[in-house]
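First the structure, in the form of structure tokens, and then the observations on it.
Throughout, read-outs are computed from the coordinates displayed, never taken from laboratory work. Keep in mind that what you see is a predicted model, and the values were worked out from it rather than measured. Counting neighbours? That spans all protein chains shown, and the Cβs are built from the backbone with ideal geometry, glycine included.
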Amino acid sequence: MPAGITGVVASIRWAYYTAAAVNGYTVTRDPVTRAWSVTGTIVLADAFKLTQRPLKFVAPHAKGEWVWPIETPVPRVAGPFMAKLGNPIEDGTPYVQ
Amino acid sequence: MSSRIRRPETLRLALTRGDWIVVKKHLTAGETRRVFRRMIRKGATGDEIDSLQVGLSKMVVYLVDWSITDADDQPVIIRGQSEDVVADVLEMLDVDSFSEILKAIEAHERTMEDEREEEKKTGTGNSKSDPTWPSLASSDGATNGSPN
């Protein structure tokens, strides 16, 4: 997985629900602290689901999805946002028990 | 007080030929209403049941993921897809597979109904949700109430 990812379409998920649709995002990893973060624009927000946790940031790619746990609150309305992310979760079925 | 909003949970149900489906453990009120709404169509004399949607509407709302592949053995992705897309995919299944998945979901639904009835009798309620995020009102500059 690359250390920095820029994309057009992503989502924020609470379990199997889409809590928000994200347009134009950048995921970066701080070279010193090794911490992941994301910036982007929320275009569709479910105000209730965005208050729940755990939330995950999901960025689709050609063979599946990159998934990170979101570690800080995100706004519950459409607009720009920034959030700290945990280490990426291996692709697969992250919400399947 | 008991929580009346369940944490979203899934269950993996085994099918024949080594396949599996992942379904929502319980539906929410909104999802339950969508099952019924998908079965309704406008008729000459008002709303009527669309028999083609019976069963399918339930499958669409319950299904989260599965292991089904296409004729080229490529995974058929339904995870994260819209209900309309999932409905289109389900329509392409062979009759026996469609029937098998529907039966599995209906059996699961009955099991969960029994579980909820048991919860009511024992008063155990449902599991509490994880804590929610704190309000952003204090961190994003929003104000609440009169400044004076």
Residues of region B:5-36 that turn out to be charged (D, E, K, R) and exposed (fewer than 13 other Cβ atoms within 10 Å of the Cβ), as a count: 2
Enumerated strands (runs of 3 or more DSSP E) restricted to region A:1-87, each holding at least 1 residues that are within 14 Å of chain B (Cβ to nearest Cβ) and among the basic types (Lys, Arg): A:5-14, A:55-61, A:79-85
Residue that is without any contact (Cβ under 8 Å) to a residue 60 or more places away in the chain, out of contact with any Pro (no Cβ under 8 Å at 6 or more places or on another chain), surrounded by 19 or more Cβ atoms within 10 Å (Cβ to Cβ) and farther than 15 Å from B:GLY80 by Cβ, where the choices are A:VAL32, A:VAL27, A:VAL22: A:VAL27
